[in-house]
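Heads up: the structure comes next, in structure tokens.
None of the figures in this text is laboratory data; all of them are computed from the coordinates on show. All figures in this text were calculated on a predicted structure; none of them were measured in a lab. Neighbour counts run over all protein chains shown; Cβ positions are idealised from the backbone, glycine included.
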Amino acid sequence: MKRLLLVVLMFLLVFVQTATASSDLAQRKEIIKQEFAEGDKIAKLTKNENAVAIMKFLHESAFIGQPIYNKNGRTVKFVEVGGKKDYYLCIVPLLKKDRGASKEWREAYDENLAAFHIPDPRQPLLVLKERSQFSGTWQGLILIHEGSHALAFAANVFNDIEDSLKRRTMDELYAYSLEAELAEKIGGQEYSKLIQEEVKRLEQGYRKNKEISIPDYPRYSARLDKIFGKSCSKLETGVRGSILWITAVFHVIEKNYKSPDEQQQRKADFLWSAYKNGNMQ
Ligand SMILES: [Zn+2]
């Protein structure tokens, strides 16, 4: 009798574990499905060929991974790889329970980032966090920004830049330029007005001492809500404000420097110092 009970209990345990694993997988799949749908919407709406290429790349190379414990940092277990692919990009939708996997994964979950690409040559990862903190449009924009890093890494776009800091900055310059361009297209005329207003504000300081004023999020947040729909969190308000600010800075640089090479250099320098000074959300 005791033995039978034990068998039943063991069976139940295995059953419960399998059930949890499959509901986890369903949740992870749902996060990917929903966020990819937002990225697709933006690619379709803007008809931007880089956004289209990034979304195509993500669909073709994505497979699902789940965080596991490993003393060497952020390791994953492949849960569903699907068919043969030209390139394998492991998408890791982070659930709250993954905080328990390891210190590194807990930090990844707690960090104030919506998504991030990990350029590990052994297996590149694209981590997506449960995204209740962002409205649909901004989920899509962030996915395309991170997808840009993933595609650039896969295609070795910035490989011939030897200096790693410079390589990273060019990678960011490309991703931010694209994100800014897409937001401008989606935001339409009202958004263009805000950008012009911000350009004016920045130009005042820039003329005086060649310095870029820091962002002023509260100044624009209500109008940004009107344009993009209500922001879902402080984090989202900060991201929207940062993109508006970056877009305006890029315009100020374009107005002040004629040569495309110099514009690119100035924009890269600006992004680098913004990161250093922590003006980036
Ligand atoms: Zn980036």
Item to check | Charge dipole (debye, nearest 20) of the chain; +1 at Cβ of Lys and Arg, -1 at Cβ of Asp and Glu | outcome: 800 debye
Checklist entry - So if R0 is 41 Å, what FRET efficiency would LYS103 and GLN263 give, r being the distance between their Cβ atoms, rounded to the nearest 0.05? => result 0.45
Next on the checklist: Taking loop as defined by DSSP and a crowding limit of 12 other beta carbons within 10 Å, which trypsin sites (Lys or Arg not before Pro) in the range 42-133 fit?
Outcome noted: LYS47, LYS71, LYS84, LYS85, ARG122
Next on the checklist: Net charge within 13 Å of LYS200 by Cβ-Cβ distance, Lys/Arg positive one each and Asp/Glu negative one each, not counting LYS200 itself?
Outcome noted: +1
Next on the checklist: Distance between the C-alpha centers of the range 84-131 and the range 19-42? Whole Å please.
Outcome noted: 14 Å
Next on the checklist: Within 10 Å of each candidate Cβ there may be at most 12 other Cβ atoms; applying that plus a DSSP loop requirement, which GluC sites (Glu not before Pro) in the range 174-280 survive?
Outcome noted: GLU211
Checklist entry - Given a Förster radius of 45 Å and the C-beta distance between LYS193 and LYS71 as r, what FRET efficiency does 1/(1 + (r/R0)^6) yield to the nearest 0.05? => result 0.30
Next on the checklist: Modelling each spin label as a point 7 Å along the Cα-to-Cβ direction, I'd like the ALA155/ASN209 distance in nm, to one decimal.
Outcome noted: 4.1 nm
Checklist entry - How much length is gained if the chain between VAL79 and LYS96 is pulled fully straight, taking 0.36 nm per residue apart and subtracting their Cα-Cα distance, in nm to one decimal? => result 4.4 nm
Next on the checklist: Quick check: residue separation of TYR88 and SER132 times 0.36 nm, minus the Cα distance between them. What number comes out in nm?
Outcome noted: 13.1 nm
Item to check | Percent RCO, i.e. relative contact order, over the chain, from Cα pairs under 8 Å lying at least 6 residues apart | outcome: 15 percent
Item to check | Dipole axis of the chain (+1 Lys, Arg; -1 Asp, Glu on Cβ), positive-most option in ILE246, PHE153, PRO93 | outcome: PRO93
Item to check | In the range 84-177, GluC sites (Glu not before Pro) in a DSSP loop with at most 12 other beta-carbon atoms within 10 Å | outcome: GLU111, GLU162
Checklist outcome for this item: Computed over all unlike Cα pairs, the Kirkwood hydrodynamic radius of the chain in Å stands at 20.6 Å
Item to check | Mean projection area, nm², convex hull over Cα of the range 26-154 | outcome: 7.4 nm²
Item to check | Summed side-chain charge close to PHE78 - residues other than PHE78 whose Cβ falls under 13 Å, Lys, Arg +1, Asp, Glu -1 | outcome: +3
